[in-house]
1. Expressed as a rounded percentage, what relative contact order does the range 33-116 have, with Cα pairs under 8 Å and six or more residues apart?
2. Compute the distance in nm between two label points, each set 7 Å from the Cα along the Cα-to-Cβ direction, one at Asp34 and one at Asn61.
3. Pull out the extension gain between Ile83 and Lys46, defined as 0.36 nm times the separation in residues minus the alpha carbon to alpha carbon distance; nm, one decimal.
4. For Lys103, list the aspartates and glutamates whose Cα falls under 12 Å from its own Cα; do not include residues on the same chain fewer than 8 positions away.
5. Residues with beta-carbon under 12 Å from that of Thr74, excluding Thr74: net charge, scoring Lys, Arg +1 and Asp, Glu -1?
6. Taking every pair of distinct Cα atoms and averaging 1/r, then inverting, what Kirkwood hydrodynamic radius in Å comes out for the range 54-110?
Amino acid sequence: MKKLLLVWLFMGMFVLAGCANQGGSIDQSGYSADQKEALAQCLTDKGVIMYGTLRCPHCQNQKERFGDAVDSITFIDCDESRIQCQAAGVEWFPTWITQDGQKYAGDQPLSSLAQIGSCDI
């Protein structure tokens, strides 16, 4: 009886796992592709800039959080624009800087970026 219960339990878990991922519209971040695009556009519209480098693994992780919407964020490559990054006071990668000069260093969850940019997503 216990074995049968365990078999049904595992089968139910597999079915639920398959259903939860159907369509793939929302990933593990909890945001759909449309929401990521809206967040990226909101951050750009509000003047929030991501400073980093292409070689920085934390920057790559941050970009991956946005998926295809990454092309909509404003990104300054500090390897190519060192003077601009130094003038902005960037010391860590990635660093997000708001239009009013507030700095947020490190790989940020999308929910934190939404708060930083006052974006309703």
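Every number in this text was worked out from the coordinates using simple rules, so none of it is lab data. None of the values given here were measured: they were computed from a predicted structure. A quick note on method: Cβ atoms are made from the backbone with ideal geometry, for glycine too, and the neighbour counts reach across all protein chains shown.
1. 37 percent
2. It works out to 3.0 nm between the two label points.
3. 11.0 nm
4. Filter leaves Glu91.
5. Summing Lys/Arg as +1 and Asp/Glu as -1 gives -2.
6. 11.9 Å
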